[in-house]
Every structure is written in structure tokens, then in C-alpha cells.
Amino acid sequence: MAKTVRLEVPIKGMDCAQCAHHVEKAIAQLPGVAAVEVFLAAEKAVVHGDPQQLDLAAIRQAVEGAGYSVPEMPEAPTSRERVPRHFTLLLAAVFALVLLVVVAGEWLGLFEKLNVAVPFPLGLALVLVGGYPVFRNVLRAALRRQVTSHTLMTLGAVAALAVGEWVAAAIVVLFMRVGDFVERFTGESARRAVRDLTLLAPQTARVERSGAEVEVPVGEVKPGETVIVRPGERIPVDGEVVAGHATVDQAAITGEAMPVEVGPGSQVFAATVATLGSLRIRATRVGEDSTFGRVIKLVEEAEAHRAEVQRLADKFSSYYLPVVAGVTAVTWLLSRNPLAAAAVLVVACSCSFALATPVAMLASIGAAARRGLLIKGGKYLEELARADVLLVDKTGTLTLGRPQITDVVPLNNLPAAEILRLAASAERYSEHPLAEAVRAAAAAQGLSLLEPQTFTPIPGLGVQAQVNGHQVVVGSPRLAPEAQNLPALQQLQASGKTLLLVVVDGQAVGILAAADTLRPEVPQALAQLKALGIEQVELLTGDNPQTAARLAEELGVRFRANLLPEDKIRIVKEYQRQGHRVVMIGDGVNDAPALAQANVGIAMGAAGTDVALEAAHLALMREDWTLVPEAFRLARHTMGVVLGNLLFTALYNLAGLSLAALGLLPPTVAAAAQSLPDLGILGNSARLLQAGKSR
Ligand SMILES: Nc1ncnc2c1ncn2[C@@H]1O[C@H](COP(=O)(O)OP(=O)(O)OP(=O)(O)O)[C@@H](O)[C@H]1O
Ligand SMILES: [Zn+2]
């Protein structure tokens, strides 16, 4: 029987020739497969590019040319994201209707008639039974000397009962129950963003055990085992490719829809999809330890930070409650109308104030995670929205962090190759990008390295090592002040390159010059930040002033050079003392302390690195500067929504309070009316949830 294989062809950013090529390549990797079902990711094509440019015929030809059949392209899947919005609208309509019914009932005197028709004890029983869950909560809180968002309304219901208006009390109870429901639903819809993420996690993995392939639950895979991934499958673990080539869609981790090519030696992440090609992967991290698992955990933790926002709501209540109590008392004293006083208590329900902030923040955090932007708590959105200073690390953050040695300049009679060999040997065990550059340069010349007898890194300056009986120091020219005046050094410095001095037994023997490349999207991102009003941007680097100056000038920002890691923390603190809110962007590894000290520390390219995920408050899961202005915009948008929520609720409650105090709002209508802001908040915040799903 013919075996059918399903291929997903991601089309974003590929021209049709590439597409066809990918299909051909994939088919070549599938020996013994008789039929290939090609599924074109139509949704992505529509979102990201010109579907016209995609030559489906060419792809079809490529597949059919290889002797396989291509079924008709399936319809683009409809987005399930639209559901909550429709649901919100429906809910709004129902609420409006109910409000109308209540107003009409009141106006026609139906409630009054009902109140008279049914004996009071029966009505009382109805209220007590219907309101039991709410009353119990309010009472429990009261015994702990606390108020809940429904304490006031409960008092209102009691007041209505006291004057024999059981129908009014029943309606108040009804809306308290409805309010509880809305609150739960609202929390759910924010949490959905996270749940959507967890759905991406694969459940099983195919593992090689004693020569056979076995399918096991993902949790049972152990690091070091070999996992097999077929075309179209989600990769179940973090790991290193040991064999095979594939096109991997990493959107689940990085938010980037443009797939990447992986092959032996590449790092792959759990929850990403091998769209074309099969892979054999050596698992390095599984389950909760995988990058995806940790992202989920961090987003969930951000949710749990709810308490922090809740405290704010409590603080608000402590001001709000006395005001409401005062208005109630004045109303009672002036009008002697207990129903007007009850209406004040009912309409002043503070539950929508409590909802206003967390709902918007959770929606944002969830939506951001889908775009490759990990935010560790609502607090950081708030800080980011108000930040005015941006500090930027250079190596690895503004630049690609892959410097290359461009010159080797001998200073006396030691030949260039020997200088490079000694330097590379001294750098043998350093993880610094410059050390890698030195080793790469030595390797390119076919030089074999010596084993250093001792090795000591000098943080922010260089390394010191014992090589072949010689004391070798490689690092910043600042290590040897007497070398500053060397003409060769000054000449090279003017070129804007990073310079390393090689000192052997106390004597400077050579200079290595290294050049790094600016990330291409940086100028545009900085321009956008400027447009957002972030005027103070400063480049902080351990590199020399000439290199820094050249880059800073190109980017139109200020700079400070020759900094040691502790200097960066000091500068962050300095700005903070002046009352600034500081955002620091670094590559997370050596900048971790400064990132932690900043109001918002942003780690660049955190996918797969522990330190960056831990230290920063915000992590960019892919190395892409366009995410930085996006984060600022999202933060401001979120705070705008929060403010809108609060303002709307405040104005609404003010109007309600005034009407109720004037005796113009019966408790029944007040009860129906107070639940409307919850809905406004829900709808308003859902916009944020939507914003992240444009992909
Ligand atoms: N392993 C090393 N080998 C050679 N030089 C080094 C090494 N480590 C540090 N240096 C020297 O110290 C300087 C500062 O290093 P540091 O690691 O603090 O900053 P950086 O990563 O180069 O730049 P940035 O601060 O912009 O990230 C480097 O420019 C280099 O001159
Ligand atoms: Zn309420």
C-alpha cells in the first residue's frame, strides 16, 4: 500500500523557486514513500506575503516531476481566535437586554407587584438560598476584618431586605452572581493566551532504545537519548541535531515565522516544527527544562503575580470605601430613603476596579509570548511604559558578537604567525567572543594550539596564561599603559577596530585588530525608539573609545567606553538616582548584574540560554532589535488600556453614585447597571489579546 506523507510548506519569505527546491529536497529524503500530500501553509502566505508571487504551479510541477501526486490545496484554516470577541459581543448584548428588562420592570411597577404578591418570608428564603455563596464569602472576609468587592452590594441587599423589598434584594443577589461569573470568564480569556501556548507542546516522542524506535510520553525522554523527528512533526525536546537536515518553523519559541535551516550540530527547540526533512536529535533538555517549558513556566508565574496588582486594588478600596460610606450616610440623612441608600451601596461595587489592571496585563503578557517577547510580570510593562533612558551593551547586543581578526601586527621580531599561535593558546579556554575570534584566526592559518599550563581570565580586560613557559597576556591595551604610545596602536585605533595587545613575558609583541558587524536592523529600531520619545540612548562598552565613538556616531547615540562590568551597574544606578527609569539591553551573559539592576532589563536572544532567561525582566527570544520598539509600544498600549479601563469605571461609578444619591436610581436598576463596566473592561482588554495574534 502506498504510504502517504504530509508535507507542510511554509511559504513566507521564500520565492517559488526556493519552495520547489525545498519540496524536491524533502522528497529526496523520503525513500520508499509513494505519495506525498503537499499542504501549503496558506494562512501564513496570506498574512506575510503576496500569495500571487507564490507559483503554486511550479511547486506542483516539482512534486509531480518527482513522481508524486499533489492533492488540491486545502482551505486556509479559519482562525479560532475570533471566538472570544464574538462571545464578548454576545455577552454585551445579553447584558444590555437584561438592563433594559430591569429598567422596564421597574418602570412598569412589576417588581413592586411581585413584592406584594409573594409573602416576604418566601422571598427572604429565595434571596438567602440564591445568594448563599456570595454571603458566605462576604461574611468570612468580614470575620477576618476584610472587605470583598461584594461587601457593599451585600450591605445594599440587606438594606433592601430591612425595608421589606425582597425583590430588589433578589435582583442585587442575581447580579452579584453574574459579576462573579464575568470575573471568572475574564480571567479565563486572559489565561487562554497561555493555554494556547501549552497546546503547542508535543505529548509523545519517538526515541531510539536498544536499536528500536519506541514512542514514549515526552516526560520519559532522558537527556542524551536520541529522538527521531519526521517531516511535519513538532520537535519534542531541546537538543542537538546529530543527523539529517530540515527546515524548522521556530515560531513557537521565537515568534518568527520565517523558518530556519538546521543540520548536524544545530541546536533545536522543543515545540518547534520540522516542516521539511527528518532529524535525529540528541536530547539535551526535556519537559519543563526545555526552553519552551521554561517560557510557559515564566508566563504562568507572571500570571501568578496577580497578587501584586491585587494589593493595588485593595489599597484603592481603602480610600474608596469610606467615600461610599459617606455618600450613603449623607443620602440617608438627607432623604431618609433607605432604598436610595441601598442603591448607593449597590451601584458602587468595586469589582470592576479590581479587574481593570490584571486583565489587561495578562492579556498582553500572553500575546507577547506568542511573538517571541517574554515578559516576566505586569510590573515590567508598567516600568517600560514610563521608561526614558535606554542603555545598550555593544558586543553581542548592538553587534552580532562574532568579531573577526582583521590584522595581526608584529611589534618586534616575533613573526605574526607565532604571535597568533601564542595568543590563541592563551585564549584556548576563554568563552569571550574575542577569544573565539583569535582561535578562529589561528585555525584559519592552520596553526596548532599549545596547551596552557595556567589560565586566568581578567574580567573586562583580557586573559593571562602560562604558555610554553612564557607568561602570555592577551587583552585590552589598557593592560599595558606603556604601550599606549605605540604609533602602530594609535594608527589602528583610528580605524575604529577593537584592539588586543599580546604581551609575552612583560613585553608587548603584537597587536591583533578585530572587527564586529552591526546588526542590520538596529538603526531602524533606534529610529523607532526615538519616535516613541526615548531620546536618551547610551552605548556602554568595555571596548576602546575609538571603536565605541565610531559606532555611536553612526547610530546617533552617546557612549561610554573602557567600562568594567561593575561600571555598568554604577551607571544604571546613577541614572536611577537622577529619577530616571532605566531600560538596559544586553546579551544576558556578562551583563546580567546590570540587567537585574535596571528597572527593566532586556536580554537579547534568550532562546536556549539559561542566564539570559533568569537575569532579565524581559527576554527577546530571537535576536531581533525590532522587538525592542515593539515591546515599548506594547507596554504603552497596555497601560493605555489599563488607564482607559480605570477612567471608564471611575466615571461610570461617579455617574451611578450621583444618580443613586439623588434617589433617581432604584436598587434593582443600580444592581444591573454596576455589572456593565466589567464587560467594558473585558472587551477593551480583549483588544490586547487580539493584538498579538496578527500572525
Ligand atoms: N578573553 C579576552 N580576550 C581578549 N580580550 C579581552 C578578553 N576579555 C576581555 N577583553 C578585553 O576587554 C575589553 C572589554 O571586555 P568586556 O567583555 O567587558 O566587553 P565586551 O564584551 O568586549 O564589550 P561590551 O561591553 O560592549 O559587551 C574587550 O574589548 C577586550 O579588549
Ligand atoms: Zn460587581
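The values are calculated or read from the model by the stated rules, or taken from the named source; none is laboratory data. All values derive from a computational prediction rather than experimental measurement. We place every Cβ from the backbone using ideal geometry, glycine too, and count neighbours over all the protein chains shown.
For region 406-437, taking the residues that are within 11 Å of ligand 1 (Cβ to nearest atom) and within 30 Å of residue 556 (Cα to Cα), the one that is surrounded by the fewest Cβ atoms within 10 Å (Cβ to Cβ) is identified as 436. Considering region 223-309, the qualifying strands (runs of 3 or more DSSP E), each wholly inside and each with 3 or more residues that are surrounded by fewer than 19 Cβ atoms within 10 Å (Cβ to Cβ), run over 238-243, 279-285.
For region 526-566, the set of residues classified as free of Cβ contacts under 8 Å to residues at least 24 places away in the same chain, part of a helix (DSSP H, G or I) and either assigned by TED's automatic domain parsing to the domain that holds residue 489 or buried (at least 16 other Cβ atoms within 10 Å of the Cβ) (or both) consists of 552 only. Of everything in region 141-171, what is among the small types (Gly, Ala, Ser) and within 17 Å of residue 118 (Cβ to Cβ)? Give them in sequence order. Answer for region 141-171, where residues must be among the small types (Gly, Ala, Ser) and within 17 Å of residue 118 (Cβ to Cβ): 157, 160, 164, 168, 169, 170. Taken over region 584-640, residues that are β-branched (Val, Ile, Thr) and part of a helix (DSSP H, G or I) amount to 3.
Condition check for residue 414 on (1) in the same structural domain as residue 522 (by TED's automatic domain parsing); (2) part of a loop (DSSP other than H, G, I, E, B): one failure, at (1). Evaluated against (1) of a type outside the set (D, E, K, R); (2) within 16 Å of ligand 1 (Cβ to nearest atom); (3) buried (at least 23 other Cβ atoms within 10 Å of the Cβ), residue 358 falls short on exactly one condition, (2). Whether any residue in region 506-523 is on the phi < 0 side of the Ramachandran plot, among the small types (Gly, Ala, Ser) and at pLDDT below 90 is what I want to check. No, because not a single residue in region 506-523 is on the phi < 0 side of the Ramachandran plot, among the small types (Gly, Ala, Ser) and at pLDDT below 90.
Considered as a group, the residues in region 443-459 that are within 13 Å of ligand 1 (Cβ to nearest atom) and not in a strand (DSSP E or B) include one that is nearest to residue 544 (Cα to Cα), and that residue is 459. For residue 499, the criteria (1) surrounded by 16 or more Cβ atoms within 10 Å (Cβ to Cβ); (2) under 21 Å from residue 401 (Cβ atoms); (3) at pLDDT below 90 hold in every case but one, which is (3). Filtered by the rule that a residue be over 21 Å from residue 400 (Cα atoms) and surrounded by fewer than 20 Cβ atoms within 10 Å (Cβ to Cβ), region 622-638 gives 633, 636, 637. Here residue 626 does not fit the description of being among the hydroxyl-bearing types (Ser, Thr, Tyr) and either farther than 30 Å from residue 271 by Cβ or within 16 Å of ligand 1 (Cβ to nearest atom) (or both).
With respect to the conditions (1) in contact (Cβ under 8 Å) with a residue 40 or more places away in the chain; (2) part of a helix (DSSP H, G or I), residue 472 lacks only one, and its number is (2). Taking the criterion of being among the polar types (S, T, N, Q), buried (at least 19 other Cβ atoms within 10 Å of the Cβ) and modelled with pLDDT of 75 or more, would at least one residue in region 168-190 satisfy it? Checked against the condition, which is being among the polar types (S, T, N, Q), buried (at least 19 other Cβ atoms within 10 Å of the Cβ) and modelled with pLDDT of 75 or more, region 168-190 yields no hits at all. When we screen 362, 391, 355, 384 for residues that are outside any strand (DSSP E or B) and at pLDDT 90 or above, the only hit is 384. Selection over region 323-344 of residues that are in contact (Cβ under 8 Å) with a residue 60 or more places away in the chain and among the hydrophobic types (A, V, I, L, M, F, W, C) gives a count of 9.
Tallying residues that are closer than 16 Å to residue 505 by Cβ and hydrophobic (A, V, I, L, M, F, W, C) within region 417-464 yields 6. Against the definition (closer than 13 Å to residue 166 by Cα and of a type outside the set (A, V, I, L, M)), how does residue 119 come out, yes or no? For residue 119, the condition - closer than 13 Å to residue 166 by Cα and of a type outside the set (A, V, I, L, M) - is met.
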